[in-house]
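Have a look at the structure below before the remarks.
Each reported figure results from applying straightforward, stated rules to the coordinates on display, with no laboratory input. Since the structure is predicted, the reported quantities are computational estimates derived from the model, not experimental observations. Using ideal geometry, Cβ is built from the backbone for each residue, glycine included, and neighbour counts are taken over all protein chains shown.
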Amino acid sequence: MGYQVLARKYRPQRFADVAGQDHVTRTLMNALSQNRIAHGYIFSGHRGIGKTTIARIVAMALNCRNAVGSPERPTPEPCGVCDSCIEVRQGNAVDVIEIDAATNRGIDEIRELRDAARYSPARDRYKIYILDEAHQITEAAFNALLKTLEEPPAHVIFMMATTEPENIPQTIRSRCQHFSFHAVKFDDILTQLKTIAEQEQVTAEEAALALLAEAGDGSMRDALSIMDQAIASAPMEDGRPVLSSAQIRELMGAVPNAVFERLLEAVAAGQSAELMEQLNLLVNAGHSPSSLARQMSRYLRNALMAKLGGEQTELLQISSDERARAVRTALLFTEEELTRNLQIVLRTFDDLNYRQEQRFHLELGLIKLIHAQRLLPIEELLSGVASGAGMRNTGTPSAPRAAAASPQRPAATPVAKPGPAAPSISPFGSSGWGSGPSMKQSASSSPVAEMERSAPAVQMQAEPSKAVPNPPREPVAFTAIGSQALGYASTTNLTEGALAMAPEPAPAKTAPAIASGAAPTIDSLRPAVGSALVNAGHGSAAQLLGSGSWVLDSASLRIEVPGVGKKMLTLTVNAAAEKIIRLELQRLGAPARFMVVPGEGSVQAAPTAPPLAGSAQEAALAHPMVQRAKEIFNADVRSVVDLRQK
């Protein structure tokens, strides 16, 4: 006999030899021992996992000439030595008819089968029909088989193997016992490959067999087919083939997962140039963009499963080395980031199937991974920390800028609306815009309208209830007053709404200068740096730094900002803001070296500095209506926004 491929040579001949289908083999062996034989079976599941094999083993067990419990056959397993077992194993048994339903799918073939089923078996106990790929049979053919399958002769048994059981009519499925096969586990495939390698006298690395088992993707037959191909291409040492992981990857055209680990490290670090260089090396080495996207999506899936279940989770069907690699990658990202990255890569893989320039689209997809790292969760934007620094890096909020651009139009005056209302959470809470329910009031000669023409905009909100222990406070931050003056404030909340008043003109004041020859201190550096940032359009950075803890020594300045994530801090205090801070420190004679780091705990309010003389903040605090509002609502003024034209 000629050479047999491994998938046929090591095809199981007993129930005990079938890997990964214990729930099926146990049920069938119990049915054989109790003589509870059904007249119809449906075996469904993934390709190459033993559906047709188990159908043949059942056929051997049913027609085995040795009785169960005899010395030749002590268990329901077929003996494997009688004529019936040998003929079924060789595929030439007269009473076991195996039909390829993919080619014999019409009503004429099923009618012939139905007519032949009426006759008794030629020699054995049962006449058994094995219909492979049964879902290919047409609906008319199934209808022709329906009556025979419902009330077959006592000597006929039908067994249907299919990968798509949903395509078999429900009327057929309800008349058969349905066994759903499982995909073979990675460990079971690996154990089988080790056994076969020893029997075939093949020297194989553990990593090489793990790659073969992973490439099988739950199919024992696929893993054996790839192993057969790998043995044929393997180098010989001392007359024995040698399988290595590098040879297996080259054979399958796969990229080592270490490459994808480096790619995702570049993504986590935001290194776009490094990412593109690595991709260029892979493409120049001959790897197709579609294959790279598919392998990267699989690697990201493993990293996500490692993030969810840890290194030893059963969700990972890979070797121990690859488990450790997946865990290292999972530590670089959050669960949300891994999910988003996997979605981006999967969408990129779909796009590559119908795109002309696949490389360009793969590069675009990988760049999206880096850009996606800069996105902030909506929860963080809606949090109190994000509301204190929720303005763009351009500095001033958009609403005051728009109001300042049109001074001839009187500003709208939100008036408190009666009735209790929960304060809304907004990423623009630091400036008080939309911080509470309000209603419009016409600009008439009312007291509020009169104040609108004579006072700067003030926003107040009621303090938290005394019953709540340690109520959270909004972060204290620098806020622009006029065009140059600086104030220390952040938004508080009114229980009844927000009160806004248009400002009256007042001369803008600059930050107090440091006396010549005086050593800089934190009290002098804080307002000067904040004023420089505000004047340069970096109001958000000024707010964050104003809420931080400043530590000054002879060599450097350290600013710890509590309650702010590293990403938020990096986005707000960017390179342009750092340059402004450095120049201002040099101008004031302070150490030019400084660092801004996230601190621990919640944001603590910095001591409120006295308002600058002649500033809008001073005018607002001195206004009688503001004083009256503070008494009524038991509130503090923590933010003053000058809406006048700069």
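Going down the list K185/K368; K51/K194; K127/K147; K147/K185, which pairs span over 29 Å between their C-alpha atoms?
Long pairs (Cα-Cα over 29 Å): K185/K368; K147/K185.
Using only Cα positions of segment 522-599, each an equal point scatterer, no hydration layer, compute I(q)/I(0) via Debye at q = 0.23 Å⁻¹ and quote the log10 values to two decimals.
With no solvent term, the Cα-only Debye profile gives -1.08.
From the convex hull of the Cα coordinates of segment 157-226, what is the mean projected area in square nanometres?
Spelled out: convex hull of the Cα atoms, projected over all directions, averaged, 6.3 nm².
Calculate, axis by axis, the spread of Cα positions in segment 263-307 along the three principal axes, and write the results as whole Å, longest axis first.
Sorted largest first, the three principal extents are 32, 24, 10 Å.
Per-residue counts of other Cβ atoms within 10 Å, averaged by peptide: what ranking do you get for 526-534, 198-206, 227-235, highest first?
Peptide ranking by packing, descending: 526-534, 227-235, 198-206.
Taking every pair of distinct Cα atoms and averaging 1/r, then inverting, what Kirkwood hydrodynamic radius in Å comes out for segment 172-284?
16.5 Å
Over all Cα pairs of segment 6-180, how is the pair count split among 5 Å bins, expressed in % and running from 0 up to the last occupied bin?
1, 8, 18, 22, 22, 16, 9, 3, 1, 0
Kirkwood hydrodynamic radius for segment 266-372: how many Å is it when counted over pairs of different Cα atoms?
14.3 Å
What are the extents of the Cα atoms of segment 186-252 along their three principal axes, in Å, largest first?
For segment 186-252, the Cα spread along each principal axis is 32, 25, 17 Å.
Taking amide hydrogens as modeled 1.01 Å from N in the peptide plane, which residues meet the under 5 Å criterion relative to Q177, leaving out close sequence neighbours?
G40, Y41, I42
For a quick protection proxy, order the peptides 300-307, 133-140, 183-190 by their average other-Cβ count within 10 Å, most packed first.
Going by the mean number of other Cβ atoms within 10 Å, highest first, we get 300-307, 183-190, 133-140.
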